[in-house]
Every structure is written in C-alpha cells, then in structure tokens.
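To keep things clear, I will list the structure first and then write my remarks on it.
The values are calculated or read from the model by the stated rules, or taken from the named source; none is laboratory data. No experiment lies behind these values; they were computed from the predicted model shown. Surface accessibility is based on the protein's heavy atoms, side chains included, excluding ligands, DNA and RNA. Shrake-Rupley method; radii C 1.70, N 1.55, O 1.52, S 1.80 Å.
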Amino acid sequence: MAPLGPGGTAARHRAVRRLLAGTRLTARPWPGGGWQLADRAGRWRHCAELDALWAAVHTLSGPVVTPDPGDLTRLWRLPRPSTPDPHALVVWTAAALRAGPASGAFTVRAAGWTLTAGADPGAAPVLHRAEADPAPGGVCVEAPWGARALATDLERVCAPPDTPG
C-alpha cells in the first residue's frame, strides 16, 4: 500500500476516532505504519492495517458498525447531498466488514462510483466506476437489511472535518 501522506493519515484518523467514540478504546496512527490500539488500562497493541485494527476492536469490545436488526430497509439514500471522504469510506468499510455475518453484503453508491463489500467473504471490497449515477449528488446504501442504519453511520463517519464528532 502506498503511503497516505499527512492529509490521508489525518482523514483516516478522524474516521477511526469517530467509530471508536462509543467504546473504551483509542487508536492513533503508528509512526511506521498502521495503528496503535489502546484500552483504558493502558494496554496497547500494534495493528499493521485497518483490517487488523477492526479485528482487534471486535475482539475487545465488539463491532463498531452494526446494522439494526429492526431496520428492514434495503435501500437508503442520505437526505443531504454529499460526497463521502474516500479515506473515511475506507475506514468505515473495513469496520463494517468486521461486523460479522449479520451485516451481510452491502453496496455504497456515490459520485459516479460503486463500492461493493462482503459479497464474497474474505475478499477485498470492490470499487468501480458506475455508468450511471444512481445517487446523483448524494450517497445511497443497499444492503439485505439495515440500509438506513448503515447509511446513517456512514454519514456520521464521513462528516466534514469541521463537524463535531
């Protein structure tokens, strides 16, 4: 993976902080790459990549992205036009894939591209350009169930840097 540079590292760190806000864990970028995950007791571990970070978080405190079982929506378009920060989308997708089998597969469509994740367990998410933009000026989430909850969580993680969260 190519180095992210200061802007990419900061954007991913903001997204990780937002996702960890409801846990007793903190994470910060590791100077040599990856993340340093710490609990309230001061114990920490190095996670070389986002997948390892979310696997450790899942083990220590459970999933941080979970679809609501009572949410039967299969398709949800965010109400405000926005384009998600690609770094935040990467962080959120890695966390959502760690949510376990309950999350199933999901698709995020925005700004002329489509990201599909979880369709093939263990496979990396697939990002490709869409011929037609089904979510012009916005973001659309499709899932077997829980699309509204996933979209709301994605919106929170992808909020602009000056938005509290």
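Brief remarks follow.
- TRP44 contributes about 140 Å² of solvent-accessible surface, heavy atoms of the protein only, 1.4 Å probe.
- Accessible surface, region 36-83, averaged per residue in Å² (probe 1.4 Å): 65
- Taking amide H as placed 1.01 Å from N in the peptide plane, the amide H of TRP30 sits under 5 Å from that of TRP35, GLN36, each at least 5 places away or on another chain.
- Annotation: amide H of TRP113 within the under-5 Å range of ALA130, sequence separation 5 or more or interchain, hydrogens built in the peptide plane.
- J(HN,Hα) series, region 57-69, from Karplus relation 6.51 cos²θ - 1.76 cosθ + 1.60, nearest Hz, glycine and proline x: 4, 4, 5, 7, 9, x, x, 9, 10, 9, x, 7, x
- Per-residue HN-Hα couplings for region 23-32 [Karplus 6.51, -1.76, 1.60; θ = phi - 60°; Hz; x = Gly/Pro]: 10, 9, 10, 10, 9, 9, x, 8, x, x
- Taking amide H as placed 1.01 Å from N in the peptide plane, VAL139 has its amide H under 5 Å from the amide H of LEU78, SER82, each at least 5 places away in sequence or on another chain.
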